[in-house]
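First up is the structure itself, then whatever we jot down about it.
The values are calculated or read from the model by the stated rules, or taken from the named source; none is laboratory data. In this text, all values refer to a predicted model and were calculated from it rather than measured experimentally. Cβ: placed from backbone, ideal geometry, glycine included. Neighbour counts: every protein chain shown. Accessible surface is based on the protein model in full, side chains and every heavy atom, while ligands, DNA and RNA are left aside. Shrake-Rupley method; radii C 1.70, N 1.55, O 1.52, S 1.80 Å.
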Amino acid sequence: MEVVLGGMASLNDEVAWFKKEASKWGVLLSGTVPLEANLRYCSFLEGLISSEVEFTVAITAFWAIEAIYQDSFASCLEADSKTPEELRETCERWGNDGFGRYCRSLKDIANHHLEKAPDDVISKAEVVFLHVLKHEVEFWNMSCGET
């Protein structure tokens, strides 16, 4: 439980970092209208906090989301990545080894619960995992101008 709570505790720092980055890049956060892909993803995530969603399903989704960020940003740190210098700090934030260890801990927790879960919960976790992948693709495609 400490791993999950530690991740939640870091959210305040994450929000502060995003605000600082928005200012640095001249992005005004007030009045920003979310795109449809963002609204769909937020709706999906809000559905995961329902008391009807099993912990195993929710932790699987949480691990998948965090791992996608870690793997993606870690690839930007590889020697042949051609990552622009102005984006290296962002890549180092989520591509670092410490965040990688955190993601592996979340994976271990998810796997531990999946090993003990009944078939219907495993099926729900698989569906949620696929939804995370779909929403992540849509979310990142927004940066290419796709909605």
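Summary of values
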read-out	value
Hits in region 1-54 - residues which are among the acidic types (Asp, Glu) and in contact with a Ser or Thr (Cβ under 8 Å, 6 or more places away or on another chain)	GLU21, GLU36
Filter result for the condition that a residue is over 21 Å from TRP140 (Cα atoms), free of Cβ contacts under 8 Å to residues at least 12 places away in the same chain and open to solvent by 60 Å² or more (accessible area, probe 1.4 Å), over SER30, SER10	SER30
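Conditions (1) touching a Gly at 6+ places or on another chain (Cβ under 9 Å); (2) touching a residue at least 60 places away in the same chain (Cβ under 8 Å); (3) open to solvent by 60 Å² or more (accessible area, probe 1.4 Å), marked per residue:
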position	(1), (2), (3)
LYS19	no, no, yes
PHE44	no, yes, no
VAL57	no, yes, no
ILE65	no, yes, no
PHE73	yes, no, no
